[in-house]
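In what follows, a single structure is set out as structure tokens and then discussed.
Nothing in this text is a laboratory measurement; each read-out follows from the coordinates by a stated rule. For clarity, every value in this text was computed on a predicted model and none was experimentally measured. FYI the Cβ positions are ideal-geometry reconstructions off the backbone, even for glycines, and counts take in every protein chain you see.
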Amino acid sequence: MSGTKRFGVSIDEELLKRFDKKIEDRSYDNRSEAIRDMIRDRLVEREWEEDDEVMGVVTLLYDHHRRNLSDKLTQRQHDFHDLIVTTTHLHVDEDNCLELIAVQGKGREVREVANELISTKGVVHGKLLATSTGAALS
Ligand code: NI
């Protein structure tokens with residue numbers, strides 16, 4: 001990590017008031033950490049836009065009684081085995097399963113595997129959490 005620099009920012013008073021309220025709601029102790037997080041968040045978005053190496057987590061909620069669904073999801077994960085880092089399966093209750101699938105690869109490939117899994121018929125709720133390898137953030 002490189003050294004820390006301080007810089008001043010001119011900002012509209014009303015906008016700053018709204019910003020302070022927002023960061024207070026999110027439990028930030030100070031503006032600096034909130035601003036650093038916003039910058040990192042934008043940099044991560046940029047990694048995805050630029051099709052850089054990224055990481056993500058796909059969540060899939062489904063009823064395992066649904067015919068062939070578990071097999072289909074497993075097959076799709078094997079189809080993309082080079083992008084899947086790990087999978088965790090939680091038996092939420094007697095019917096519902098939640099899978100957490102960590103994926104790594106180029107932004108476009110990771111989005112593709114996420115879309116393939118989430119759009120599988122029978123998946124009740126699916127989401128892609130888009131994050132980073134961290135290589136460009138430190
Ligand atoms: Ni299960």
Subject >> Pairwise label distance in nanometres, Glu53 with Ala102, each label 7 Å out on the Cα-Cβ vector >> reply: 1.5
Original post:
Within segment 25-41, what residues put their amide N at less than 17 Å from the label point 7 Å along the Cα-to-Cβ vector of Leu16?
Top reply: 30-36
**OP:** Return the distance in nm (one decimal) between the two label points of a simple spin-label model at Asn68 and Asp29, each offset 7 Å from Cα along Cα→Cβ.
**Re:** 5.6
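Calculate the FRET efficiency for Leu137 and Asp93 from the Cβ-Cβ distance with a Förster distance of 41 Å, rounded to the nearest 0.05. Working shown, then result.
Numbers: r = 37 Å, r/R0 = 0.91.
Once rounded, the FRET efficiency stands at 0.65.
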Subject >> Additional length obtainable on full extension of the chain from Lys127 to Val85, 0.36 nm per residue less Cα span >> reply: 13.4 nm
Subject >> Neighbour cut-off at most 12 other Cβ (10 Å), DSSP loop, trypsin sites (Lys or Arg not before Pro), segment 1-69 >> reply: Lys5, Arg6, Arg26, Arg67
